[in-house]
Amino acid sequence: MRAVLAIFDVDHTLIRGDSLLMFAGYMIKNRGLRIGGIPLVAFSFFRWLLGSDEGQFKSDLLKMLCGGMRSDALRNAGCEFTRSVLMRRIYEEALEQIEWHKSRSHEVVLLSASPDVYLAALAEHLQLNNLICTTLVDQQGFCPGEIR
């Protein structure tokens with residue numbers, strides 16, 4: 001019997017929109033805006049618009065959003081964001097396709113450049129054991145907001 005691997009991208013494929021931008025809006029609304037991080041993120045954003053590395057913009061944005069948070073509080077925020085925002089944005093056809101693969105015992109993988117902060121909760125909600133994504137550093141129970 002052949003093994004089948006079904007890989008699903010998240011942003012603009014599994015869900016409508018960009019999950020990191022949605023997460024940024026969610027965190028700012030629920031945690032507030034960390035004023036000190038705005039100049040760095042603004043500078044990174046403009047560099048990205050001019051053709052610079054998107055990864056640096058993502059890294060700076062995550063530092064502003066998550067830096068200094070307790071890891072457990074960040075995981076809880078990611079779970080709540082997934083429940084209240086991401087689950088409403090999933091394409092019905094994508095859910096049906098995932099269920100079709102699962103019903104045939106195929107290996108289903110979520111693959112994304114978005115962070116594990118909320119994608120781990122999404123994979124858990126979809127009952128998937130396979131997730132490949134950006135991970136954030138955990139330093140003794142706190143998140144500095146740095147990408148591993």
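The values are calculated or read from the model by the stated rules, or taken from the named source; none is laboratory data. These figures come from a predicted structure and were not determined experimentally. Here Cβ is always computed from backbone atoms with ideal geometry, including for glycine, and neighbour counts include all displayed protein chains. Remember, those area values only see protein heavy atoms, side chains included, never the ligands or the DNA or RNA. Shrake-Rupley method; radii C 1.70, N 1.55, O 1.52, S 1.80 Å.
Give the Rg/Rh ratio for region 62-131, taking Rg as the radius of gyration of the Cα atoms and Rh as the Kirkwood radius, to two decimals. Please report the intermediate quantities before stating the final value.
Working: Rg = 13.5 Å, Rh = 13.1 Å.
Here the Rg-to-Rh quotient is 1.02.
Packing, as the average of other Cβ atoms within 10 Å across residues, places the peptides 68-81, 95-108 in the order 68-81, 95-108, highest first. Placing R0 at 25 angstrom, the Cβ-Cβ distance between L111 and M87 gives a FRET efficiency of 0.85 after rounding to 0.05. Surface composition of region 76-127: carbon and sulfur make up 48 percent of the accessible area, probe 1.4 Å. Between R2 and N130, the C-beta separation translates, for a Förster distance of 25 Å, into a calculated FRET efficiency of about 0.90. Per residue, the solvent-accessible area of region 51-148 (1.4 Å probe, heavy atoms of protein chains only, all protein chains present) comes to 53 Å².
Under 5 Å between amide hydrogens, built in the peptide plane, is the criterion, and for F142 it picks out S71 among residues at least 5 positions away or on other chains. Using the Cβ-Cβ distance between D138 and T13 with R0 set to 22 Å, the FRET efficiency from 1/(1 + (r/R0)^6) comes to roughly 0.20. Taking a straight line from the alpha carbon of K58, these aspartates and glutamates sit under 18 Å away, with near neighbours fewer than eight places off in the same chain left out: D9, D11, D18, D116, D138, E146.
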